[in-house]
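**Student:** The following block contains the structure, expressed as structure tokens.
The values are calculated or read from the model by the stated rules, or taken from the named source; none is laboratory data. Because the structure is predicted, anything quoted here is derived from the model rather than measured. Neighbour counts are summed over all protein chains in view; Cβ atoms, including those assigned to glycine, are modelled from backbone coordinates with ideal geometry. Accessible surface is based on the protein model in full, side chains and every heavy atom, while ligands, DNA and RNA are left aside. Shrake-Rupley method; radii C 1.70, N 1.55, O 1.52, S 1.80 Å.
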Amino acid sequence: MKIRNIILTVFAGLIVFGANAQNTLSISDALKIGLKNNYDLQIIRKNEEVSKINNTWGNTSIMPTVNFNVNGRENYNFNDSENYRTQTLVPDLSLNWVFFDGFSSRISKQKFDELEAQSHGNTIILIESTIQDIILSYNNCLLQKEMVGVYYELAQLSKDRYDRDIKSESIGASTTYELLQSKNSWLEDQANYLQQKVTYENSVRNLNYLLGVDDDIVWEFTSKLETDTPEYVLNELSSKLKSSNSNLKNQYIYQSLLEKETALAKSSYYPSLSLNTGISNTDLGNFYAGTTPDLRQNSTDGYLGLTLTYNIFNGGVRKRSVQIAKIDEQIGQVQTNQMIHSLDNQLLQMYSDYGLQKELLDLADQKMTAAKMNLDLSTAKFENGSINSFNYRDVQNIYSNSAITKFRAIYNLIAANTDLLRITGGIISEYE
């Protein structure tokens, strides 16, 4: 029977995971593929490129503007003495430079610097989220694959029991009622096995979507469903959170942007000084229809001027702008404090959950070991008739539930550890 089970297990593996599964995939490979192909990452990286393009002094008012204009005109004059036409051509080159505007240009450039940093921070946040999603999705595939194996093993045990009851019923050693019970158990386990196969296949499709690859790619997963259990110190985690959490870093940048808005509003109280210079050429020609000789004139003019502008009163617009900017800055500070408090609260919960998941995994491992020993002993007893089929079925269910509980405990511990790594800003360096 053992040889038969081994053959059936291998055959089922070929059916479940596909004989064409030639693509191997480790967690590190999945991260490389996902960080390159993930759709959301591709979009946010393009947004970051836009912020880099916008971060230039040319987007502030400190840079001069140079214009070239050409004005051409032709007039026709009809009168009693002599008709004539006037042709005018005036090319003009001008430069306007606001070289002092109350420091608003410098403040604007600082804003562009921080907007670029904020955009980069948004990319980092999404990279962290994508890494976490890929890790959990990959390990979920491993979890579902392990559960396929559990359900398959349970279905094979039920099938062996059903076959045994068929033989027993044929020689009168067991009743039809027992045969029907074993058949129902086998059909139930077979249905669970088939349903779990679909669950596993869907988990692979979800992973493929995260990786940005074709949905029908079948992987041979080379990493195992296992995790380290590092010992964390809460005070150290709290320090890392405040210094390395990406969301908090972006909030600090946002707070700085609000401060720049206040400074920008205050800059409107300063005067502005601009330079205006240019050169123009005027070509004028009068062309007569009669005996009067044509007249042509050409002149070139250059100019240079300074303009000082100071707004004395504008209905209190500047004052209200500064007041609103200061209030927005205060709101931003409250939001920063709220985020710090919220993250500290989350960290405490995650830290507690991590410790709990470690203990639950240890218990699940012990329970799995005991259930496996009990199943082996019960199988031998069932085969020699020491226990009935109902007791044996209970032992089978205990074993399958304990196996599934253990695999889920491993996955939950991986998820808890990943949560701690992400909230403390260490998930990128951990899997770099």
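**Student:** Any idea what diffusion coefficient the stretch 225-284 gets from Stokes-Einstein, in µm²/s, Kirkwood Rh on alpha carbon pairs, 10 °C, 1.306 mPa s?
**Tutor:** Value of D from the Cα-based Kirkwood radius: 89 µm²/s.
**Student:** Would you mind checking which residues have amide H under 5 Å from F100's amide H? H placed 1.01 Å from N; only 5 or more apart, or other chain.
**Tutor:** The answer is L273.
**Student:** Moving on to the next point. Express in Å², to the nearest 10, the accessible area of S378 obtained by rolling a 1.4 Å probe over the protein heavy atoms while all chains stay in place.
**Tutor:** The value for S378 is about 10 Å².
**Student:** Excluding residues fewer than 8 places away in the same chain, name every one of the lysines whose C-alpha is closer than 18 Å to that of K109.
**Tutor:** Output for K109: K52, K260, K266.
**Student:** To continue, here is another question. Hey, what angle do you get for helix 389-423 against the long axis of the chain, alpha-carbon based, 0 to 90 degrees rounded to 10?
**Tutor:** 20 degrees
**Student:** Here's another thing I want to ask about it. List the residues whose amide H sits under 5 Å from the amide H of T282, counting only those 5 or more places along or on another chain, with H placed 1.01 Å from N in the peptide plane.
**Tutor:** So T282 has HN proximity to S299, T300, D301.
**Student:** At q = 0.19, 0.21, 0.22 Å⁻¹, work out log10 I(q)/I(0) for the stretch 248-319 with the Debye formula, treating every Cα as an identical point scatterer and leaving solvent out; two decimals please.
**Tutor:** Debye output, listed in q order: -0.91, -0.97, -1.00.
**Student:** How big is the stretch 287-358 by the Kirkwood estimate over distinct Cα pairs, in Å?
**Tutor:** Every distinct Cα pair counted, the radius reaches 20.6 Å.
**Student:** Would you calculate the convex hull of the Cα atoms in the stretch 71-121 and tell me its volume per residue in Å³?
**Tutor:** 152 Å³
**Student:** Then there is this: As a test of the definition: which semi-axes, in Å, follow for the stretch 349-432 when you take the square root of five times each eigenvalue of its alpha carbon gyration tensor? Largest first, please.
**Tutor:** One finds semi-axes of 39, 10, 8 Å for the stretch 349-432.
**Student:** Right, next: Using only alpha carbons, build the gyration tensor for the stretch 190-316 and give me the equivalent ellipsoid semi-axes, biggest first, whole Å.
**Tutor:** Semi-axes (√(5λ), whole Å): 75, 35, 14.
**Student:** Hey, how many Å between the Cα centroid of the stretch 365-432 and the Cα centroid of the stretch 69-91?
**Tutor:** 98 Å
**Student:** With everything on Cα atoms, drop me the angle between helix 246-266 and the longest principal axis of the chain, reported from 0 to 90° to the nearest 10.
**Tutor:** 20 degrees
**Student:** Further question on the same structure: At 1.002 mPa s and 20 °C, plugging the Kirkwood radius over alpha-carbon pairs of the stretch 29-147 into Stokes-Einstein gives what diffusion coefficient in µm²/s?
**Tutor:** Answer from the Stokes-Einstein relation: 106 µm²/s.
**Student:** With the alpha-carbon atoms as the only input, what is the per residue convex hull volume for the chain in Å³?
**Tutor:** Per residue, the Cα convex hull of the chain comes to 282 Å³.
**Student:** Can you give the calculated 222 nm mean residue ellipticity of the chain, where each DSSP H run of n ≥ 4 adds -39,500 (n - 2.57) and the sum is split over every residue, rounded to the nearest 500 deg cm²/dmol?
**Tutor:** The helix-only estimate for the chain comes to -23500 deg cm²/dmol at 222 nm.
**Student:** If R₀ is 51 angstrom, what is the calculated FRET efficiency for the pair R85 and N311, using the beta carbon separation as r and rounding to 0.05?
**Tutor:** Efficiency, from the Cβ-Cβ distance: 0.60.
**Student:** Further question: Set the Förster radius R0 to 35 Å, insert the Cβ-Cβ distance between E383 and Y209 as r into 1/(1 + (r/R0)^6), and round the FRET efficiency to 0.05.
**Tutor:** Computed FRET efficiency for E383 and Y209: 0.15.
**Student:** Still on this model: Could you pull out the GluC sites (Glu not before Pro) across the stretch 37-134 that fall in loop regions by DSSP (anything but H, G, I, E, B) with no more than 12 other Cβ atoms inside 10 Å?
**Tutor:** E82
**Student:** Is there a quick way to get the dipole size of the chain? I mean about its Cα centre, with the Cβ of Lys and Arg at +1 and of Asp and Glu at -1; what is the value in debye to the nearest 20?
**Tutor:** Once rounded to the nearest 20, the dipole reads 460 debye.
**Student:** Provide the three semi-axes, in whole Å and in decreasing order, of the ellipsoid equivalent to the stretch 112-246 as defined by the square roots of 5 times the Cα gyration tensor eigenvalues.
**Tutor:** For the stretch 112-246, the semi-axes come out at 51, 19, 10 Å.
**Student:** Hey, can you find the accessible area per residue of the chain for me, probe 1.4 Å, expressed in square angstrom?
**Tutor:** 58 Å²
**Student:** Under a cut-off of 29 Å between alpha-carbon atoms, report the lysines in cross-link reach of K381, not counting same-chain residues fewer than 8 places apart.
**Tutor:** Straight-line reach from K381, under 29 Å: K2, K159, K167, K183, K367, K372, K406.
**Student:** Still on this structure, I have one more. Which one of W57, N345, N140 is farthest out on the positive end of the charge dipole of the chain, using unit charges on Cβ (Lys, Arg +1; Asp, Glu -1) and the Cα centre as origin?
**Tutor:** Of the candidates, N345 comes out farthest on the positive side.
**Student:** For the stretch 124-138, just list the computed ³J(HN,Hα) in residue order, Karplus coefficients 6.51, -1.76 and 1.60, θ = phi - 60°, integers in Hz, with x standing in for Gly and Pro.
**Tutor:** 4, 4, 5, 4, 4, 4, 5, 4, 4, 4, 5, 4, 5, 5, 4
**Student:** Can you give the extra length, in nm with one decimal, that the chain gains between L304 and T369 once fully stretched, where that is 0.36 nm per residue apart less the Cα-Cα distance?
**Tutor:** 14.2 nm
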